[in-house]
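Visitor: Below are the structure tokens for one structure; questions will follow.
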Amino acid sequence: MKDVIVIIGANGGIGRAITAQAAQRFEQTPVYALSRHPVTDQGADNVTFKTLQTDNEADIAEFCQTIKHANERVVTAICTIGTLHGAVDELSLSPEKKLEDLNESQLLAYFKINSVIPALWLKHLVGVMSSNPSQIACLSARVGSISDNRLGGWYGYRASKAALNMLVKTAAVEYGRRAKSTSLVCYHPGTVDTALSEPFQHNVKPEKLFTAQFTANQLLTALETVESQHSPYFLDWDHKVVSW
Ligand SMILES: NC(=O)c1ccc[n+]([C@@H]2O[C@H](COP(=O)([O-])OP(=O)(O)OC[C@H]3O[C@@H](n4cnc5c(N)ncnc54)[C@H](OP(=O)(O)O)[C@@H]3O)[C@@H](O)[C@H]2O)c1
């Protein structure tokens, strides 16, 4: 069996940086960098960019089966998939400020992208995780913490990240039986300078607006510290525990 790393959503701001740094840190380990769109970056020798409909369950299942049949096992999977604003199909998502802004199609889109798709990856990865200490990290957000919600607003994004956290927490119980060496991690990266945060950066102090490179380094370092017997984790960029 050969251990491999899988980056799901490798063409986003954070996904690109994680792909580059994972390839550099673990230069002996193959890295599959998956995106819905062709990636034009010239990756390191151990990176294979794959264009895959990462939001389609049949494609997710097929990718995991291909890994299995190649006698590969996943030692680290990082799912960066998420959305906050912008075009999704015929919708233009915009985080809600008040109850009157709630809209059925928008709420469903948030839940589909931020909660359902990562859950489908958890479903199919369970059969292909390494028996070595391994991790699956899902990019979550502190606003998905139910106990930390004092500001309100952003109903769909908050609720879909809270649902993601619950799906991860529930899956961790089953992973504890079926993939005992795997730690599940919900990760809050802080505010990172990417397209996702761009419209909201004006409220952020310059020293609290992180580069994607810093984020990738913090996340990969955090994953070196987790242990499956303490899984699941909800950690922030500073490796501090976030309350669920
Ligand atoms: N930036 C921040 O300040 C911040 C803060 C807290 C949490 N986060 C979380 O961090 C993650 C990465 O965000 P980012 O800042 O790197 O944003 P980004 O540049 O907009 O990247 C978003 C990622 O999500 C994927 N994605 C979006 N819609 C999708 C869909 N319908 N189906 C499948 N994949 C889809 C994209 O995958 P492709 O590669 O296929 O395009 C891309 O990799 C998100 O989950 C976000 O919620 C970010």
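Visitor: Name the residues in region 48-63 that are aliphatic (A, V, I, L, M), more than 9 Å from the ligand (Cβ to nearest atom) and in contact with a Ser or Thr (Cβ under 9 Å, 6 or more places away or on another chain), would you?
Guide: As a first pass, look at region 48-63 and keep what is aliphatic (A, V, I, L, M): 52, 58, 60-61.
Imposing the further condition that a residue be more than 9 Å from the ligand (Cβ to nearest atom) reduces the set to 58, 60-61.
The one that is aliphatic (A, V, I, L, M), more than 9 Å from the ligand (Cβ to nearest atom) and in contact with a Ser or Thr (Cβ under 9 Å, 6 or more places away or on another chain): Ile60.
Visitor: May I ask you to say which residue of Lys180, Lys169 is assigned to a loop (DSSP other than H, G, I, E, B), away from the ligand (no atom under 11 Å from the Cβ), within 26 Å of Asn132 (Cβ to Cβ) and out of contact with any Gly (no Cβ under 9 Å at 6 or more places or on another chain)?
Guide: Working: Lys169 fails: assigned to a loop (DSSP other than H, G, I, E, B).
Result: Lys180 is the single residue among Lys180, Lys169 that is assigned to a loop (DSSP other than H, G, I, E, B), away from the ligand (no atom under 11 Å from the Cβ), within 26 Å of Asn132 (Cβ to Cβ) and out of contact with any Gly (no Cβ under 9 Å at 6 or more places or on another chain).
Visitor: Pick out, from region 54-164, the helices (runs of 4 or more DSSP H) lying fully within it that include 3 or more residues that are at pLDDT below 95 and touching a Cys at 6+ places or on another chain (Cβ under 7 Å).
Guide: none
Visitor: Right, next: Does at least one position in region 184-191 carry a residue that is assigned to a loop (DSSP other than H, G, I, E, B), within 16 Å of the chain's Cα centre (by Cα) and within 14 Å of the ligand (Cβ to nearest atom)?
Guide: yes
Visitor: How many of the residues making up region 197-212 are at pLDDT 95 or above and either among the aromatic types (Phe, Trp, Tyr) or surrounded by 20 or more Cβ atoms within 10 Å (Cβ to Cβ) (or both)?
Guide: Residues meeting the conditions: 2.
Table: residues versus (1) more than 9 Å from the ligand (Cβ to nearest atom); (2) closer than 26 Å to His188 by Cβ.
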residue: Gln65; (1), (2): yes, no
residue: Thr76; (1), (2): yes, yes
residue: Cys79; (1), (2): no, yes
residue: Leu84; (1), (2): no, yes
residue: Asp89; (1), (2): no, no
residue: Ser94; (1), (2): yes, yes
residue: Leu99; (1), (2): yes, yes
residue: Glu104; (1), (2): yes, no
residue: Tyr110; (1), (2): yes, yes
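Visitor: Same structure again: When you look at Pro30, is it modelled with pLDDT under 95 and either more than 21 Å from Ala212 (Cβ to Cβ) or out of contact with any helix residue (DSSP H, G or I) (no Cβ under 8 Å at 6 or more places or on another chain) (or both), yes or no?
Guide: Working: modelled with pLDDT under 95: no; either more than 21 Å from Ala212 (Cβ to Cβ) or out of contact with any helix residue (DSSP H, G or I) (no Cβ under 8 Å at 6 or more places or on another chain) (or both): yes.
Answer is no for this residue.
The values are calculated or read from the model by the stated rules, or taken from the named source; none is laboratory data. Just so we're clear, the structure is a prediction, and the values are computed from it rather than from any experiment. Here the Cβ is made from the backbone with ideal geometry for all residues, glycine too, and neighbour counts use every protein chain on show.
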